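Q: Supplied in structure tokens, the structure appears directly below.
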Amino acid sequence: MTSFLAKAAVALLAAAALALPVRLQAQDDPRPPQEFVTLGTGGVTGVYYPVGGVICNLMGKTRRAREHNIRCTVESTGASVFNVNAIRSGDLSMGIVQSDVQHYAYRGVEQFGDAGADENLRVLFSLQSEAFTLVARDDASIRVFEDLRGKRMNLGDPGSGNRNTLELLMREYGWTADVFALATDLKPAEMAGALCDGKIDAFVYVVGHPNGSIQEAANTCSSHLVPVTGPKVDSFVAKYPFYPSAVIRGGTYKGSDADVPTFGPRATLMASASLPENVAYHVAKSIFTNFDEFKSLHPALAGLTPQNMLEGNSAPFHPGALRYFREAGLEVPGSSE
């Protein structure tokens, strides 16, 4: 027994010695205790996931420069609606959310009618514009949105902002899923494969460009992007101003050489009012003080400016983000906090 106790004492002393440099390093580090945040994005083939990675990478860069002590990790999720609900429940610290879903969640309408208004939702900043993108097989005879009637159509992942936007536009046309020969609910990663395998005739993806799933469809089988325009679309955009007109540049994808007019929301970075102010401040500062690098890390971000990243929101800005924007001399639309 004495031998055992002696060995245990030696082990404890060794462990203490190993821990000593870490403890001394922590004492020398002027930063506050380490904090952890999780950023919800979307499917791995979409734009949300890599854009979330860009945000966390720049947070990592400024953490290594000892500007803060916040570790940011990215999580692939079911996208906008999932992210809003997870922020509300406290399962996510932040999430990327379409501006339309932001609008509905903050007011407690549409798919959030049962849950009620989430008045604790806060905006950090806006991200890329997202286009309502209709992709069709060349042999399906789909040249305008109305041609979808009687076709095999993927409505999208239930609960996603992607599907919500499509169903709202269908409502403007007076359509239900019954107008399609087949209505599927495939996830983004499954859509291009189903299109090229001949299982569906078309799918819609509300997303920034270029996009991997749409690139896959364009390169794997004969397909094209379909313009989404006309009187009913004009009426729809007027009714829902968080869906401004958009254009997908010609040549972005094989088979679509001309510009493709459509509409679409903005992606926005959201959090709860309970997110610590210093976290929101350093997220904003990490992006805006490394802005050229930020824009260069994904093509969907190339058209952003510091000012237009403060536009297109329905919920209030987080006080921490506001503090940075005011320090940077940026004009914040409609801020009152």
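Q: GLY255 fails exactly one of the following numbered conditions: (1) more than 16 Å from GLN128 (Cα to Cα); (2) surrounded by 14 or more Cβ atoms within 10 Å (Cβ to Cβ); (3) modelled with pLDDT of 95 or more. What is the number of that condition?
A: (3)
Q: ASP100 - would you say it is more than 20 Å from PRO316 (Cα to Cα) and either crowded, with 16+ Cβ neighbours inside 10 Å or over 11 Å from the mean Cα position of the chain (by Cα) (or both)?
A: On the way: more than 20 Å from PRO316 (Cα to Cα): no; either crowded, with 16+ Cβ neighbours inside 10 Å or over 11 Å from the mean Cα position of the chain (by Cα) (or both): yes.
Spelling it out, it is not the case that ASP100 is more than 20 Å from PRO316 (Cα to Cα) and either crowded, with 16+ Cβ neighbours inside 10 Å or over 11 Å from the mean Cα position of the chain (by Cα) (or both).
Q: From the set of residues in segment 250-288 that are in a loop (DSSP other than H, G, I, E, B) and of a type in the set (Gly, Ala, Ser), which is nearest to the chain's Cα centre (by Cα)? Reasoning before the result, please.
A: Taking segment 250-288 and keeping what is in a loop (DSSP other than H, G, I, E, B), we get 250-252, 254-255, 257-259, 264-265, 273-276.
Next, only the ones that are of a type in the set (Gly, Ala, Ser) stay: 250-251, 255, 258, 264, 273-274.
Values: GLY250: 24, GLY251: 24, GLY255: 27, ALA258: 27, GLY264: 13, ALA273: 19, SER274: 20 Å.
Step by step, filter segment 250-288, then rank; the result is GLY264.
Q: Sticking with this structure for a sec: Looking only at residues that are in contact with a helix residue (DSSP H, G or I) (Cβ under 9 Å, 6 or more places away or on another chain) and in a helix (DSSP H, G or I) in segment 292-311, which one is modelled with the lowest pLDDT?
A: ALA300
Q: Among the numbered conditions (1) more than 16 Å from the chain's Cα centre (by Cα); (2) in contact (Cβ under 8 Å) with a residue 60 or more places away in the chain, tell me where SER296 comes up short.
A: (2)
Q: Let me ask something additional. For the condition at pLDDT below 95, closer than 30 Å to LEU166 by Cα and not in a strand (DSSP E or B), what is the one hit in SER336, SER314? Reasoning before the result, please.
A: Details: SER336 fails: closer than 30 Å to LEU166 by Cα.
Just a single option satisfies the conditions, and that option is SER314.
Q: Answer yes if at least one residue in segment 87-104 is basic (Lys, Arg) and within 21 Å of PRO333 (Cβ to Cβ), and no otherwise.
A: Residues of segment 87-104 that are basic (Lys, Arg), as a first pass: 88.
If we keep only those that are within 21 Å of PRO333 (Cβ to Cβ) too, we end up with none.
Scanning segment 87-104, I find no residue that is basic (Lys, Arg) and within 21 Å of PRO333 (Cβ to Cβ), so the answer is no.
Residue-by-condition table, conditions (1) under 30 Å from SER235 (Cβ atoms); (2) crowded, with 16+ Cβ neighbours inside 10 Å:
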position: PHE263; (1), (2): yes, yes
position: ALA271; (1), (2): no, yes
position: LEU275; (1), (2): no, yes
position: ASN278; (1), (2): no, no
position: LYS285; (1), (2): no, yes
position: ASP292; (1), (2): no, no
position: ASN313; (1), (2): yes, yes
position: ARG323; (1), (2): no, yes
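Q: Out of segment 108-146, which residues are touching a strand residue (DSSP E or B) at 6+ places or on another chain (Cβ under 8 Å) and acidic (Asp, Glu)? Please lay out each step first, then the result.
A: Start the filter on segment 108-146 by keeping residues that are touching a strand residue (DSSP E or B) at 6+ places or on another chain (Cβ under 8 Å), which leaves 120-138, 140, 142-145.
Those that are touching a strand residue (DSSP E or B) at 6+ places or on another chain (Cβ under 8 Å) and acidic (Asp, Glu): GLU130, ASP138.
Q: Looking at segment 167-197, which of its residues are in contact with a strand residue (DSSP E or B) (Cβ under 9 Å, 6 or more places away or on another chain), assigned to a helix (DSSP H, G or I) and within 22 Å of GLY78 (Cα to Cα)?
A: Of everything in segment 167-197, those that are in contact with a strand residue (DSSP E or B) (Cβ under 9 Å, 6 or more places away or on another chain), assigned to a helix (DSSP H, G or I) and within 22 Å of GLY78 (Cα to Cα) turn out to be LEU169, ALA177, PRO188, GLU190, MET191, ALA192, ALA194, LEU195.
Q: Can you report the number of residues in segment 105-155 which are among the aromatic types (Phe, Trp, Tyr), within 19 Å of PRO333 (Cβ to Cβ) and assigned to a helix (DSSP H, G or I)? Break it down stepwise before answering.
A: In the first step, residues of segment 105-155 are kept if they are among the aromatic types (Phe, Trp, Tyr); the result is 106, 112, 125, 132, 145.
After this cut, where a residue has to be within 19 Å of PRO333 (Cβ to Cβ) as well, the list is 106, 125.
Narrowing further to those that are assigned to a helix (DSSP H, G or I): 106.
Number of matching residues: 1.
Q: Scan segment 191-211 for residues that are over 15 Å from ALA140 (Cα atoms) and surrounded by fewer than 18 Cβ atoms within 10 Å (Cβ to Cβ) and jot them down.
A: Result: GLY193, PRO210.
Q: Given the residues PRO316, PRO306, which is the only one that is more than 19 Å from MET59 (Cα to Cα) and assigned by TED's automatic domain parsing to the domain that holds VAL101? Give the derivation first.
A: Values: PRO306 fails: more than 19 Å from MET59 (Cα to Cα).
Going through PRO316, PRO306 in turn, just one is more than 19 Å from MET59 (Cα to Cα) and assigned by TED's automatic domain parsing to the domain that holds VAL101: PRO316.
Q: Could you list, in sequence order, the residues of segment 65-104 that are hydroxyl-bearing (Ser, Thr, Tyr), modelled with pLDDT of 95 or more and either outside the structural domain of ILE287 (by TED's automatic domain parsing) or part of a helix (DSSP H, G or I) (or both)?
A: Passing the criteria: only SER89.
Q: If you don't mind, another one. Identify all residues within segment 153-182 that are surrounded by fewer than 15 Cβ atoms within 10 Å (Cβ to Cβ), among the small types (Gly, Ala, Ser) and under 22 Å from TYR243 (Cβ atoms); write none if there are none.
A: GLY174, ALA177
Q: Which members of segment 113-139 meet the condition of being of a type outside the set (S, T, N, Q) and surrounded by fewer than 20 Cβ atoms within 10 Å (Cβ to Cβ)?
A: GLY113, ASP114, ALA115, GLY116, ALA117, GLU119, ASP138, ASP139, listed by residue number.
Q: Given the conditions (1) in contact with a Phe, Trp or Tyr (Cβ under 9 Å, 6 or more places away or on another chain); (2) assigned to a helix (DSSP H, G or I); (3) of a type outside the set (A, V, I, L, M), which single one is not true for TYR205?
A: (2)
The values are calculated or read from the model by the stated rules, or taken from the named source; none is laboratory data. Since we're looking at a predicted model, the values are computed, not measured. FYI the Cβ positions are ideal-geometry reconstructions off the backbone, even for glycines, and counts take in every protein chain you see.
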